[in-house]
Amino acid sequence: MTRSLLATAAALALLGSGQALAVQAPTDAAASATSEKKAPDGTTPEERSNTARLNAEQAARAKAENTTYQQEVSAAQQQVAHDQADFVQETAVYEAEKARVAAMSAAERIKWEADVAACRGGDRTRCAPPATPPR
């Protein structure tokens, strides 16, 4: 069954290609009737002109795409530099605040330790108030 399907498909393909060749024959004759001078590579002046035009269009598109890409790369680099500068500035602000809080905490601890030492030494004015018992 598979062989007969393949044979039928091959026969149809051959018939179709024969019709395509029959359709191409007058076109080839018409092209040679116009007596365009073909280059050694078999191309006509019109084909070479179209190829040159298409190549120029593609080159222009490629140049525009390269320009756009370079602009995007430059913008990305500028954004990275801006973000890095923001990060450095925000880190400096954070570190300054952290140092301020640490200094304040250290000063409060030193005062507390002095108050505890004075309280233990007998200065009741520097003692903490007694805790109120829960009711």
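The values are calculated or read from the model by the stated rules, or taken from the named source; none is laboratory data. Since this is a predicted model, take the numbers as computed values, not measurements. As a convention, Cβ positions derive from the backbone with ideal geometry for all residues, glycine included, and neighbour counts pool all protein chains shown.
Before we move on, is Ala20 outside any helix (DSSP H, G or I) and modelled with pLDDT under 90? Quick ask: steps written out before the conclusion?
On the way: outside any helix (DSSP H, G or I): no; modelled with pLDDT under 90: yes.
Spelling it out, it is not the case that Ala20 is outside any helix (DSSP H, G or I) and modelled with pLDDT under 90.
Provide a single number: the residues in segment 109-135 that are out of contact with any helix residue (DSSP H, G or I) (no Cβ under 8 Å at 6 or more places or on another chain), in a loop (DSSP other than H, G, I, E, B) and hydrophobic (A, V, I, L, M, F, W, C).
1
Kindly establish whether Ala75 is within 30 Å of Ala39 (Cα to Cα) and within 20 Å of the chain's Cα centre (by Cα). Let's see the steps before the verdict.
Working: within 30 Å of Ala39 (Cα to Cα): no; within 20 Å of the chain's Cα centre (by Cα): yes.
Against the criterion (within 30 Å of Ala39 (Cα to Cα) and within 20 Å of the chain's Cα centre (by Cα)), Ala75 does not qualify.
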